[in-house]
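The values are calculated or read from the model by the stated rules, or taken from the named source; none is laboratory data. Keep in mind the model is a prediction, meaning the values are calculated, not measured. Here the Cβ is made from the backbone with ideal geometry for all residues, glycine too, and neighbour counts use every protein chain on show. These area figures cover heavy atoms from the full protein model, side chains too; ligands, DNA and RNA do not enter into them. Shrake-Rupley method; radii C 1.70, N 1.55, O 1.52, S 1.80 Å.
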Amino acid sequence: IPPFIGFYAKWIILSELINSDMLSIALIGIIVSVIAAFYYLRIVWYMYFEEPLTSNSLNVSKDVKVIMSVNGLIILLLGVFPGWLMQLCDSVFG
């Protein structure tokens, strides 16, 4: 999904493969990504458009809600603003 960090990572890898004239490997990566997107979207379909088998709801503590919210926010921010993560990786591994 475009605003998340996983999309940005795939985009960079595939663009570098294309720039390095490794079109066959890039094509394999694109095909695998499309297949994976089918499975991801199937889960989303069942989550939002199918009737649930049971009507039980999850009861989680406030700590778990806070941790999951912070985790989701970090993933979203890294996808929207990947610059500092790229600079950190470059300074550590470069």
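Scanning the stretch 2-49 for residues that are touching a residue at least 60 places away in the same chain (Cβ under 8 Å) and β-branched (V, I, T) gives a single hit, I5. Among the residues making up the stretch 20-53, a single one is among the polar types (S, T, N, Q), part of a helix (DSSP H, G or I) and farther than 24 Å from L78 by Cα: S24. Residues in the stretch 36-57 that are of a type in the set (S, T, Y) and closer than 15 Å to G6 by Cβ: Y39, Y40. The set of residues in the stretch 38-94 that are open to solvent by less than 80 Å² (accessible area, probe 1.4 Å), under 18 Å from the mean Cα position of the chain (by Cα) and of a type in the set (A, V, I, L, M, F, W, C) comprises V44, V70, I75, L76, L78, V80, L85.
Against the condition surrounded by 10 or more Cβ atoms within 10 Å (Cβ to Cβ), of a type in the set (S, T, Y) and modelled with pLDDT of 90 or more, how does S24 come out, does it pass?
no
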